[in-house]
1. Looking only at residues that are within 16 Å of the ligand (Cβ to nearest atom) and touching a Phe, Trp or Tyr at 6+ places or on another chain (Cβ under 9 Å) in region B:139-163, which one is nearest to B:LYS52 (Cα to Cα)?
2. Does B:ARG231 meet the test of being among the basic types (Lys, Arg) and open to solvent by 20 Å² or more (accessible area, probe 1.4 Å)?
3. Which of the strands (runs of 3 or more DSSP E) contained wholly in region A:119-198 include at least 1 residues that are open to solvent by less than 80 Å² (accessible area, probe 1.4 Å), in contact (Cβ under 8 Å) with a residue 12 or more places away in the chain and within 9 Å of another protein chain (Cβ to nearest Cβ)?
4. Residues to consider are B:VAL11, B:VAL34, B:VAL26; find the one that is open to solvent by less than 20 Å² (accessible area, probe 1.4 Å) and either facing chain A (nearest Cβ under 8 Å) or more than 26 Å from the chain's Cα centre (by Cα) (or both).
5. Evaluate the following for A:TYR67: is it of a type in the set (Ser, Thr, Tyr) and under 13 Å from the mean Cα position of the chain (by Cα)?
6. Picking from B:GLY254, B:GLY197, which residue would you name as being on the phi > 0 side of the Ramachandran plot and surrounded by fewer than 24 Cβ atoms within 10 Å (Cβ to Cβ)?
7. When you check B:SER191 against the structure, is it farther than 29 Å from B:ARG403 by Cβ and either open to solvent by less than 10 Å² (accessible area, probe 1.4 Å) or more than 16 Å from the ligand (Cβ to nearest atom) (or both), yes or no?
8. Could you check how many residues of region B:276-319 are assigned to a helix (DSSP H, G or I), at pLDDT below 95 and open to solvent by 50 Å² or more (accessible area, probe 1.4 Å)?
Amino acid sequence: MAYDKFKVLTSTAVPLPIENVDTDQIIPARFLKATERTGFGDNLFRDWRYHPDNSPKEHFVLNNPIYSGKILVGGKNFGSGSSREHAAWAIYDYGFRCVVSSFFADIFRNNCLNIGVLPVQISADFLQKIFEAIEASPQAQLTIDLPAQTITINDTGDTESFEINHYKKDNMLNGYDDIDYLLSMKGEIENFAKDMPL
Amino acid sequence: MSSKKTLFDKVWDAHVVRNIENGPDVLFIDRHLVHEVTSPVAFLGLKNRQSKVLYPNRTFATADHNTPTRNQHLPVKDPLSANQLRALEENAREHGIPYWGLGHEKNGIVHVIGPENGITLPGATIVCGDSHTSTHGAFGAIAFGIGTSEVEMVLSTQCIMQPKAKKMRITIDGSLNRAVTPKDVALYIISQLSTSGATGYFVEYAGEVFRNMSMEGRMTVCNLSIEMGARGGMIAPDDKTFAYIKGREYTPKGAAWDTAMEYWKTLQTDEDAVFDKEVVFDGTKIEPMITYGTNPGMGIGISLGIPRAESLEGGVATYRKSLDYMNFHEGDAMLGKKIDFVFLGSCTNGRIEDFRAFAEIVKGRKKADHVTAWLVPGSHRVEEAIKDEGILDILEEAGFELREPGCSACLAMNDDKIPTGKYAVSTSNRNFEGRQGPGARTLLASPLVAAAAAVTGKVTDPRELLQLETA
Ligand code: SF4
């Protein structure tokens with residue numbers, strides 16, 4: 001699915017300083033019964049966010065109105081576990097365009113890139129600085145500059161660069177996806193397939 | 001001059017359709033497994049692009065994640081689940097994909113039926129919208145889980161785009177002690193490397209322990225590769241592999257078999273091939289394992305106590321949050337902890353050997369009164385074998401009931417949910433918060449440990465029960 005282009009994003013951020021946030025927390029399995037891609041944001045972090053009677057859990061960050069923004073900042077090893085792309089959809093559908101962490105699980109990172117959420121992997125030290133900046137002021141803004149591949153804490157001017165491969169960067173900048181690319185080389189694939197035994 | 005290659009290199013390189021500079025490889029996929037939960041949106045995408053499935057004969061569909069484990073002959077009650085199942089059936093029909101729905105003799109968990117039917121072959125690339133696709137690596141295939149966007153890519157172009165992973169080899173020599181199963185070996189590795197220790201890598205398992213392991217055991221180990229973050233895990237094919245696949249429905253026959261065998265025999269890591277990372281463990285040091293926390297890396301030998309936060313690297317707050325969820329305390333012994341549920345099943349431990357192991361312990365004993373046990377075969381074939389081998393009689397005599405195949409309490413999308421606050425000893429693969437039901441508390445372990453818990457009602461060392469019998 002084509003998605004919005006991503007260039008430079010300046011926004012406040014929502015801090016989630018927990019490690020190993022797995023995709024079962026991001027979107028529990030019982031919400032995977034849909035046959036369409038919409039509406040997952042309501043159940044993002046469902047069991048951390050709501051009591052069993054559906055009343056909000058006050059202490060969870062998404063229920064705290066002083067935090068908002070299009071950037072989610074998570075602890076190390078974000079997105080481990082199940083391959084469910086629904087986790088990335090839920091994050092996107094809720095309104096996030098970027099997830100920042102010091103380490104991402106592979107499948108989750110891929111899923112994000114495929115649907116237009118930018119995963120930004122930074123050093124553990126810089127992650128700590130971001131958490132501190134948000135703690136000092138929930139209004140603290142971050143700027144993510146995809147063309148320059150940098151992330152900056154606007155208040156302090158602290159900045160770090162991040163990696164993304166050239167191909168994926170191009171896709172994000174232009175809102176292209178892999179399927180467009182693959183369909184454009186279908187003849188080459190069919191040729192290749194002739195030699196692949198079943 | 002040929003450069004030295006690992007097993008992973010050989011299989012990967014043979015499938016690269018195009019290499020994009022400073023970008024991913026376009027990788028050809030031999031076989032694609034599809035289930036009801038991660039495919040509907042992919043088929044919808046196909047429809048929106050007015051595209052067709054490029055190679056329906058390389059695609060196989062089953063219903064497993066969302067299916068009841070009782071009364072499968074009746075209509076599925078939950079309307080959302082029924083809707084997903086219907087969508088898969090219709091999509092499969094429309095695109096000419098073999099579909100093994102509820103009640104079909106080949107129905108079962110996607111990673112159990114692949115090998116059973118010879119869909120899983122050495123040297124193949126296999127993907128599925130499920131992270132435990134790594135299971136199929138046991139046959140020397142490159143197999144890994146993908147997201148729904150990628151499911152759509154494979155349906156419409158039989159390719160995905162991914163950068164080649166780094167390579168890690170995990171070597172374990174030495175003989176395993178009695179009652180130490182492949183599940184324990186895997187939980188041990190994950191406890192040592194942590195749940196992100198192999199992220200970015202594709203793992204090859206090597207050494208005596210894996211050579212001596214049955215195909216089913218190898219599947220259990222490869223299955224759990226994802227739980228240390230690995231993209232996948234694989235084991236070089238050998239005579240056991242070839243014996244297992246020979247004659248199965250989708251394996252090559254006649255001359256095609258001979259040609260394939262010639263190629264498969266070359267699927268070994270070259271002697272001087274270099275891995276990005278090498279890890280070595282001593283197989284004699286492993287004991288039956290159990291987890292105490294909320295990720296599969298939080299496992300210990302069953303006779304040990306829960307580690308203190310100070311003794312671990314980093315993450316004290318996350319560690320304490322995890323123990324709070326479990327209502328366990330640092331220093332607690334695991335042995336003797338009371339449990340409420342036992343789950344035997346899943347693509348990790350839902351094959352016939354797992355039921356044999358479970359039966360070995362419960363034979364002549366009785367299920368503990370307060371324990372609810374869900375015994376769920378991985379497929380109809382497994383279910384048949386349980387009956388044919390007389391295992392069902394042993395189970396029933398001990399007070400257990402056998403259910404119908406499916407993922408069941410592994411992810412609790414159907415009715416098989418562990419209630420809030422209850423403890424389950426589970427042979428599945430994830431002890432994440434709420435994985436087996438909101439508020440459920442999961443202790444991952446082998447079928448032997450699960451059986452010992454089922455008959456004693458508490459965490460029990462299976463060696464105790466086995467020794468009692470042989471004394
Ligand atoms: S048994 Fe569990 S891990 Fe295996 S395919 Fe089913 S849900 Fe996934």
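The values are calculated or read from the model by the stated rules, or taken from the named source; none is laboratory data. From a predicted model like this one, the values you see are computed outputs, not experimental measurements. Cβ: placed from backbone, ideal geometry, glycine included. Neighbour counts: every protein chain shown. Side chains are part of the model used for accessible areas, which takes the heavy atoms of the whole protein and leaves out ligands, DNA and RNA. Shrake-Rupley method; radii C 1.70, N 1.55, O 1.52, S 1.80 Å.
1. If we take residues in region B:139-163 being within 16 Å of the ligand (Cβ to nearest atom) and touching a Phe, Trp or Tyr at 6+ places or on another chain (Cβ under 9 Å), then B:VAL151 is nearest to B:LYS52 (Cα to Cα).
2. Considered against the rule, which asks whether it is among the basic types (Lys, Arg) and open to solvent by 20 Å² or more (accessible area, probe 1.4 Å), B:ARG231 comes out as no.
3. Strands (runs of 3 or more DSSP E) meeting the threshold: none at all.
4. B:VAL26 is the lone residue from the list that is open to solvent by less than 20 Å² (accessible area, probe 1.4 Å) and either facing chain A (nearest Cβ under 8 Å) or more than 26 Å from the chain's Cα centre (by Cα) (or both).
5. Answer is no for this residue.
6. Checking each option against the conditions leaves just B:GLY254.
7. The answer is yes for B:SER191.
8. 4
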